[in-house]
1. If contacts are Cα pairs under 8 angstrom and at least 6 residues apart, what is the relative contact order of the chain in percent?
2. How much length is gained if the chain between residue 96 and residue 81 is pulled fully straight, taking 0.36 nm per residue apart and subtracting their Cα-Cα distance, in nm to one decimal?
3. Quick check: the angle from helix 30-48's long axis to the longest principal axis of the chain, C-alpha only, nearest 10 degrees?
4. To the nearest 500 deg cm²/dmol, what mean residue ellipticity at 222 nm is calculated for the chain from DSSP H runs of n ≥ 4 alone, each contributing -39,500 (n - 2.57), summed and divided by the residues?
5. Expected output is a single nm value to one decimal: the length gained when fully extending between residue 56 and residue 10, i.e. 0.36 nm times separation in residues minus the C-alpha distance. What is it?
6. Would you mind computing, in nm to one decimal, how far apart the modelled labels at residue 46 and residue 20 are, each placed 7 Å from Cα along Cα→Cβ?
7. Once Rh is set to the Kirkwood radius over Cα pairs, what Stokes-Einstein translational diffusion coefficient, in µm²/s, holds for the chain at a temperature of 37 °C and a viscosity of 0.692 mPa s?
8. For the stretch 64-108, just list the percent of Cα-Cα distances falling in each 10 Å bin from zero outward, please.
């Protein structure tokens, strides 16, 4: 799990425009939010591997997943012109959030 969130955090910092495109318009400061969320993912990933911080990091991951869920819903809802395969992948990502939350919960 730590590797997953470390990679995701690095990707947010390295390719912020990719993530900025899926953000809802009502959120301010898209680039700042992408960079902050990437940094938080990296911090939480590192926290997972420190035994004294594992539970706190897992709760942080749950909170982060809940916080970014609206962006995933927005991404799905705004890709009406995408191919059927892309739409299915975006749709499948929504319940995957629940799986990731459960996985993080196992660390609490």
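All of the numbers you see were taken from the coordinates with simple rules; none came from a lab. Computed from a prediction, not measured in an experiment: that's the story for all the values here. Positions of Cβ are generated from backbone atoms using ideal geometry, with glycine treated the same way; all protein chains shown enter the neighbour counts.
1. Over the chain, the number comes to 29 percent.
2. Contour length minus the Cα-Cα distance gives 3.2 nm.
3. Between the helix axis and the principal axis of the chain, the angle is about 30 degrees.
4. Values: 5 runs with 83 residues, N = 108.
Mean residue ellipticity, 222 nm, calculated: -25500 deg cm²/dmol.
5. Computed gain between residue 56 and residue 10 is 14.5 nm.
6. Output for this residue pair reads 2.5 nm.
7. 228
8. It works out to 27, 47, 21, 5, 0, in whole percents.
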